[in-house]
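These notes are about the structure you will find just below.
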Amino acid sequence: MGRMTNINPAAGTRSRVPANPLGLTGMDHVALPARDPGRAARFYEQVLGGTIYYATGFSEQDRELGRVPHIFVHVGNVLIQVAYPSDGQSFPDPDNPSLWPHWSFGAGPEVLDAMCERLREEGIPFSGPNSHLNVDAVSIYFMDTEGNKLEICTWEPYPTEKTEMLGTPGVTLDYPSLAHQWQPRDAG
């Protein structure tokens, strides 16, 4: 591959997804490690409006077979699998300041504002709304119960006076400050 240069997409083109020449249709699911898969699934359900699709690893037979507990939750068109990692140690580090890896959900500007309010109501710290240099995207950043890094992003027009541009002096993303101890509203 030759030297890459900046590519700045035209406004309003984010949803124009080119056909994949090999026939791939997109991401089937993302698997995230969880010390407590039940609590993590409840987070995605109660905070992000998810719906539990499939859960396994909880029966006596599953335990006898050594199946780890894991739960699949639909959040919009994204299927998230939360599971105790089979190696017992591949957990995210909520004290790691790196943005990578993170998982982003799409939304319109009104939903982005509503999610800011929802996170405030749930006592979940977040950063943003943040704008980005050379692209018409606005994002908020936060973490789930396990320290998995999440984003909600809109590529639709958003009032610039309501944002701060990431990367400008004094505007940084401090992931360790976004750690929290959210608990489900019920034992579910």
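Using the Cα centre as the reference, give the magnitude of the dipole from point charges on the C-beta atoms of region 30-83 (Lys, Arg: +1; Asp, Glu: -1; all else neutral), rounded to the nearest 20 debye.
The calculated dipole for region 30-83 is roughly 140 debye.
Using a Gaussian network model of the chain with C-alpha springs under 10 Å, which one of L133, L22, L65 is most mobile by mean-square fluctuation?
Highest fluctuation of the listed residues: L22.
Taking the chain as a Gaussian network, where each spring joins two C-alpha atoms under 10 Å apart, which residue of D113, D62, D136 fluctuates the most?
For the chain, modelled as a Gaussian network with Cα springs under 10 Å, the answer is D62.
Enter the angle in degrees (range 0 to 90, nearest 10) between the Cα long axis of helix 37-46 and the first principal axis of the Cα atoms of the chain, meaning the one along which they spread out most.
Helix 37-46 sits at roughly 50 degrees to that axis.
Just to be sure I understand the model, the point goes 7 Å from the Cα along the line to the Cβ. What's the resulting M27 to V68 distance in nm?
Between M27 and V68, the simple spin-label model gives 1.9 nm.
Report, for region 30-83, the % of DSSP beta bridges that are antiparallel, rounded to 5.
75
Any chance you could run the full-extension gain for T51 through S98? It's 0.36 nm times the residue separation minus the Cα-Cα distance, nm to one decimal.
Contour length minus Cα-Cα distance gives 14.0 nm.
Given a Förster distance of 22 Å, report the FRET efficiency between E122 and R35 from their Cβ-Cβ distance, rounded to the nearest 0.05.
Details: r = 20 Å, r/R0 = 0.89.
It comes to 0.65.
Given [x] 119; [y] 142; [z] 170, which label gives volume of the Cα convex hull per residue in Å³ as computed from the coordinates?
[z]
Among DSSP bridges having both ends in region 102-178, what percentage is antiparallel? Round to the nearest 5. Walk me through the numbers on the way to the answer.
On the way: 10 of 17 bridges.
If we restrict to bridges inside region 102-178, about 60 percent are antiparallel.
Go through region 111-120 residue by residue and turn each phi into a ³J(HN,Hα) via Karplus (6.51, -1.76, 1.60, θ = phi - 60°); whole Hz please, and just put x for glycine and proline.
With coefficients 6.51, -1.76 and 1.60, one gets 5, 4, 4, 5, 5, 4, 5, 4, 4, 4 Hz.
Considering only C-alpha atoms, what is the centroid distance from region 45-69 to region 1-29, in Å?
If we compute the Cα centre of each part, the gap is 33 Å.
Rounded to the nearest 5, what % of DSSP beta bridges with both residues in the chain are antiparallel?
65
Rule-based calculations on the coordinates, nothing more; no lab input. What you see is a predicted model, and the numbers here were worked out from it, not measured in a lab. All Cβ positions, glycine included, derive from the backbone under ideal geometry; neighbour counts span all protein chains shown.
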